[in-house]
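In what follows, a structure is listed as structure tokens, so that the remarks can point back to it.
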Amino acid sequence: QVQLVESGGGLVQAGGSLRLSCVASGSILRFNTMGWYRQAPGKEREFVATIGRDSSTNYADSVKGRFTISRDFTENTLYLQMNSLNPEDTAVYYCTTYVPGVRSWGQGTLVTVSS
């Protein structure tokens, strides 16, 4: 079972930027997909972005053009660059990995965007 540790969350003003990191315990080459989800207060967890083994990316419509997902194989780290943040982006952001039959989650990092 992989261990995932997110960091980089915090308080930022609307229009600002943050970069989230997710460090995996071991090589990330083994994962079919890695991604980010988020859960706002009182809402269900929702998809944000994923990156496939072939480096293909997918984004939720709400973050397209503002967020960028990337990874560093040498550091076993997944990133989420978030620009032009708005209060609707306030949520706990979770890193996730997937191999057939197994999905793993990190503990989450809180992002708060003030207006």
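Key figures
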quantity: Residue within the stretch 42-52 that is over 21 Å from GLN3 (Cα atoms) and of a type in the set (Val, Ile, Thr) present; calculated: no
quantity: Sole exception among (1) outside any loop (DSSP other than H, G, I, E, B); (2) surrounded by 12 or more Cβ atoms within 10 Å (Cβ to Cβ); (3) modelled with pLDDT under 95 for LEU29, by number; calculated: (2)
quantity: Some residue of the stretch 81-96 being at pLDDT below 95 and open to solvent by less than 70 Å² (accessible area, probe 1.4 Å); calculated: no
quantity: Any hit, the stretch 62-72, residues being open to solvent by 60 Å² or more (accessible area, probe 1.4 Å), part of a strand (DSSP E or B), farther than 22 Å from VAL2 by Cβ and out of contact with any His (no Cβ under 9 Å at 6 or more places or on another chain); calculated: yes
quantity: Per-region count, the stretch 32-51, residues modelled with pLDDT under 95 and within 15 Å of the chain's Cα centre (by Cα); calculated: 1
quantity: Criterion violated by VAL113 - all others in (1) at positive phi; (2) in contact with a helix residue (DSSP H, G or I) (Cβ under 6 Å, 6 or more places away or on another chain); (3) not hydroxyl-bearing (Ser, Thr, Tyr) satisfied; calculated: (1)
quantity: Candidate set: the stretch 38-58, residues that are open to solvent by less than 50 Å² (accessible area, probe 1.4 Å) and of a type outside the set (Val, Ile, Thr); chosen: the one farthest from PRO87 (Cα to Cα); calculated: GLY52
quantity: Where TYR37 falls short, out of the listed (1) of a type outside the set (S, T, N, Q); (2) within 19 Å of GLN3 (Cα to Cα); (3) free of Cβ contacts under 8 Å to residues at least 24 places away in the same chain; calculated: (3)
quantity: The stretch 1-26, residues that are open to solvent by less than 40 Å² (accessible area, probe 1.4 Å) and among the hydroxyl-bearing types (Ser, Thr, Tyr); calculated: SER21
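The values are calculated or read from the model by the stated rules, or taken from the named source; none is laboratory data. Everything numeric here is computed off the predicted structure, so don't read it as measured data. Every residue, glycine among them, receives a Cβ derived from its backbone with ideal geometry; neighbour counts consider all protein chains shown. The accessibility values were calculated without ligands, DNA or RNA, using every heavy atom of the protein model including side chains. Shrake-Rupley method; radii C 1.70, N 1.55, O 1.52, S 1.80 Å.
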